[in-house]
Amino acid sequence: MSNTPLAPAPVASEHMDLQARNVSFSWEDTPLHWLPGEPFAGHTINVLHLLLPAGERWFVHVYKQVLPYITDERLRADVVGFIGQEAMHAAAHDDVLPHLGRLGLDPTPYTAQVDWLFEKLLGDRTLPPGRARTWWLMERVAMIAAIEHYTAFLGDWVLNAQELDRRGADPMMLDLLRWHGAEEVEHRSVAFDLFMHVDGNYRRRARTWATAFAALVFLWQRGTRFFVENDPLRPGAKASLGQFVRAGRRGVLPSTGAMLRSIPTYLSRTYHPSQEGSTAQAAAYLASSPGANGGVRP
Ligand SMILES: [Fe+2]
Ligand SMILES: [Fe+2]
């Protein structure tokens, strides 16, 4: 397979052994509008705290079931490292939510819906052992590969989003986002490699990308609206697509053009996640991240 011209082409030098890092963040000094003058962009990014805890625990739940299907020892080690990192990410984002609640923005009405989505709709279902159960496991493995395309995209974006520094983003929040983003870049090939190893069917890859993309757009715009419309510091504020596009132009969110270009990238038959982003840049950030190195406020 790997010698055919239309097979994914990994960049071997981008691989590295994965480790879960203990991190420590303290939120008491982080304001609700942690990105000064950009409440819409801040809330759009805050949606990560709503989606990731449930989403990443779901990754871990699915991957524990797929471990017996892995026959390659290096990939198994990658998946175990991935599970450790994602469990840590979920816990770190979870810790932000009570702080948002203390600042007057209780996220539980929204997180209850997200928990239902991942635990019930995307959960194990009561399928008998055999083809149906395997089919559903492979669908979810493919969906995770598609979602990880976007977590890697966002990780690469946040590592390079100098505009967040220029606008005076809260250093603790920026460190959480960049520590997480750097680990997403570091492990960006694992979900794709796992999918290719246990299934690799192109039609499944394309179909589950469409499902994952639609779900992400739906959940993200709902989450952004939830935060913007319940912001106690901006009564009556509304969220709109235009604000998203303009924030992307200012560099405080990913640009719409970059997001659109990432679609054919993932759907290309020669795509491999190691072709995008820089492991060296991620490693450099992780070596200097205050949260990943003792947790002193940056
Ligand atoms: Fe993550
Ligand atoms: Fe990830």
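General observations
- Cα centroid separation - the range 249-289 against the range 157-179, whole Å: 16
- Karplus-derived 3J(HN,Hα), 6.51/-1.76/1.60, for each residue of the range 162-176, Hz, glycine and proline x: 5, 4, 5, 5, 4, 7, x, 4, 4, x, 5, 5, 5, 5, 4
- Acute angle (nearest 10 degrees) that the helix 39-66 long axis makes with the longest principal axis of the chain, alpha-carbon atoms: 30
- Using the Karplus relation 6.51 cos²θ - 1.76 cosθ + 1.60 with θ = phi - 60°, the per-residue 3J(HN,Hα) values for the range 14-31 come to 7, 6, 8, 5, 9, 9, 7, 9, 6, 10, 9, 10, 10, 9, 4, 9, 8, x Hz, with x marking Gly and Pro.
- Nearest 10 degrees, 0 to 90: helix 241-250 Cα axis against the chain principal axis: 90
- Gap separating the Cα centres of the range 200-223 and the range 50-92, nearest whole Å: 19
- Entry note, the chain: the mean residue ellipticity at 222 nm calculated from DSSP H runs of n ≥ 4, each adding -39500 (n - 2.57), is -20500 deg cm²/dmol after division by the residues and rounding to the nearest 500.
- Check: the range 31-288 dipole with +1 on Lys, Arg Cβ and -1 on Asp, Glu Cβ, in debye: 960
- Rounded to the nearest 10 degrees, the angle from helix 279-288 to the longest Cα principal axis of the chain is 40 degrees.
- Protection proxy ranking of 154-160, 45-51, 62-68, by the mean of other Cβ atoms within 10 Å over each peptide's residues and highest first, is 45-51, 154-160, 62-68.
- Electrostatic bookkeeping for G251 treats Lys and Arg as +1 and Asp and Glu as -1; over the other residues with beta carbon under 12 Å from its beta carbon, the sum is +2.
- Computed packing ranks the peptides 249-259, 229-239 as 249-259, 229-239, most packed first, by mean other Cβ atoms within 10 Å.
Read the figures in this text as sums done on the coordinates, not as results from a lab. All of these numbers come straight from a predicted model, not from anything done at the bench. Backbone-built Cβ (ideal geometry, glycine too); neighbour counts: all protein chains shown.
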